[in-house]
Amino acid sequence: MTMELYSYVGNSRSYAIFYILDKAGVKFTLKESLKGGVFPEDMDARFPLRKIPDLVDGDFHLRETMAVTTYLGEKYADKLGNFVPLTTLEHTKALEWMSFANTEHIPTCSLAGLMIMGQREYVQKDFARLVGIANRNVDVVLEPFLKNNTFLIGERLTYVDVFVAGATLRGFTQLWDKKWQAAHPHFTRWFKTVVNQPEFVKLFGETELCQVFKAPK
């Protein structure tokens, strides 16, 4: 039975999932969900919370982005090689980084991005709060860590890098302009390295970084 993925290309929580499936050569059916507010007819029966990504693998149904990502990484580890965490320590750090990105960056970068695009009501104080949280997360966690580390798990690209890059992508394309990037060289270097991987470009296209930030009105 063909695996089914409920999500859409460009969903902040699904970058690593698409990347893993492609890298492992897995055939699957994409049940495009949420994009434009549209859901597949069978989604309520399978995933009544209507949150994505969700995965159906035979009789096995799985929701929550970290669970789906980890499951696929484990299932296809033999095909993915060093792209997956290899030790107990690496597995633990992978969960730490993905949890951090999922709870701290996606809610802030994505909501602020929706305000910029006019898809969510712009409230100046709420926007400033979201951007402030996102910036602080970079200043106290990502920038210092990446000053002394090439990637998030060891000295190689893993699906954890793709997961966190996807979570922060709207920040780089809508919030963090050229001046901000220059003030955060290590985080910016890491992000560019991830999104310029041939597999990333093949799946998601070229990533155009924000040049001059313009606040919504």
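Could you list, in sequence order, all residues of the range 59-99 that are aliphatic (A, V, I, L, M) and within 22 Å of ARG46 (Cα to Cα)?
Within the range 59-99, the subset aliphatic (A, V, I, L, M) is 62, 66-68, 72, 77, 80, 84, 86, 89, 94-95, 98.
The answer is LEU62, MET66, ALA67, VAL68, LEU72.
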(request) Mind telling me which of the residues LYS31, LYS93 ends up being of a type in the set (Lys, Arg), in the same structural domain as CYS109 (by TED's automatic domain parsing) and not in a loop (DSSP other than H, G, I, E, B)? (result) LYS93
(request) Please name all residue pairs, on different chains or six or more residues apart, with Cβ atoms under 6 Å, provided the first residue is in the range 21-46 and is at positive phi and the second residue is surrounded by 16 or more Cβ atoms within 10 Å (Cβ to Cβ) and modelled with pLDDT of 85 or more. (result) LEU34/ILE52
(message) Looking for something in a helix (DSSP H, G or I) and more than 16 Å from the chain's Cα centre (by Cα) - is there at least one such residue anywhere in the range 48-70?
(response) no
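Scan the range 47-63 for residues that are more than 21 Å from THR2 (Cβ to Cβ), free of Cβ contacts under 8 Å to residues at least 12 places away in the same chain and surrounded by 13 or more Cβ atoms within 10 Å (Cβ to Cβ) and jot them down. Spell out how you get there, then give the answer.
First, pick out the residues of the range 47-63 that are more than 21 Å from THR2 (Cβ to Cβ): 48-51.
Right, trim to free of Cβ contacts under 8 Å to residues at least 12 places away in the same chain and you get 48.
Within the range 47-63, no residue meets the criteria.
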(message) Going through PHE39, PHE28 one at a time, which residue ends up being more than 20 Å from the chain's Cα centre (by Cα), over 20 Å from LEU169 (Cα atoms), among the hydrophobic types (A, V, I, L, M, F, W, C) and surrounded by 14 or more Cβ atoms within 10 Å (Cβ to Cβ)?
(response) PHE39
(message) Can you find a residue that is more than 17 Å from GLU199 (Cβ to Cβ) and surrounded by fewer than 18 Cβ atoms within 10 Å (Cβ to Cβ) anywhere in the range 14-25?
(response) no
(message) Go through the range 45-75 and report how many residues are closer than 13 Å to ILE17 by Cα, among the small types (Gly, Ala, Ser) and either modelled with pLDDT under 95 or touching a Lys or Arg at 6+ places or on another chain (Cβ under 9 Å) (or both).
(response) 0
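Could you check how many residues of the range 17-44 are small (Gly, Ala, Ser) and either in contact with a helix residue (DSSP H, G or I) (Cβ under 8 Å, 6 or more places away or on another chain) or modelled with pLDDT of 95 or more (or both)? Break it down stepwise before answering.
The first filter runs over the range 17-44 and keeps only residues small (Gly, Ala, Ser), leaving 24-25, 33, 36-37.
Restricting the remaining residues to those that are either in contact with a helix residue (DSSP H, G or I) (Cβ under 8 Å, 6 or more places away or on another chain) or modelled with pLDDT of 95 or more (or both) gives 24-25, 33.
The number of residues fulfilling the criteria is 3.
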(message) Is it the case, given these coordinates, that MET98 is in contact (Cβ under 8 Å) with a residue 24 or more places away in the chain, under 24 Å from ASN196 (Cβ atoms) and either touching a Phe, Trp or Tyr at 6+ places or on another chain (Cβ under 7 Å) or in the same structural domain as ILE52 (by TED's automatic domain parsing) (or both)?
(response) yes
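Of the residues LEU142, LEU175, LEU209, LEU169, only one is outside the structural domain of ALA24 (by TED's automatic domain parsing), surrounded by fewer than 22 Cβ atoms within 10 Å (Cβ to Cβ) and of a type outside the set (Phe, Trp, Tyr); which? Spell out the reasoning first.
Details: LEU142 fails: surrounded by fewer than 22 Cβ atoms within 10 Å (Cβ to Cβ); LEU175 fails: surrounded by fewer than 22 Cβ atoms within 10 Å (Cβ to Cβ); LEU169 fails: surrounded by fewer than 22 Cβ atoms within 10 Å (Cβ to Cβ).
None of the other options fit; the residue is LEU209.
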(message) I'm trying to understand the selection: among the residues of the range 111-123, which are more than 24 Å from GLN181 (Cβ to Cβ) and surrounded by fewer than 14 Cβ atoms within 10 Å (Cβ to Cβ)?
(response) GLY118, GLN119, GLU121, VAL123
(message) Name the residue that is surrounded by the fewest Cβ atoms within 10 Å (Cβ to Cβ), counting only residues in the range 76-110 that are aromatic (Phe, Trp, Tyr) and closer than 21 Å to LEU21 by Cα.
(response) TYR76
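Test of understanding: among VAL160, VAL164, VAL201, VAL194, which residue is part of a helix (DSSP H, G or I) and surrounded by fewer than 19 Cβ atoms within 10 Å (Cβ to Cβ)? Reasoning before the result, please.
Details: VAL160 fails: surrounded by fewer than 19 Cβ atoms within 10 Å (Cβ to Cβ); VAL164 fails: surrounded by fewer than 19 Cβ atoms within 10 Å (Cβ to Cβ); VAL194 fails: surrounded by fewer than 19 Cβ atoms within 10 Å (Cβ to Cβ).
The unique qualifying residue is VAL201.
The values are calculated or read from the model by the stated rules, or taken from the named source; none is laboratory data. Note that this is a predicted model, so its numbers are computed, not measured. Here the Cβ is made from the backbone with ideal geometry for all residues, glycine too, and neighbour counts use every protein chain on show.
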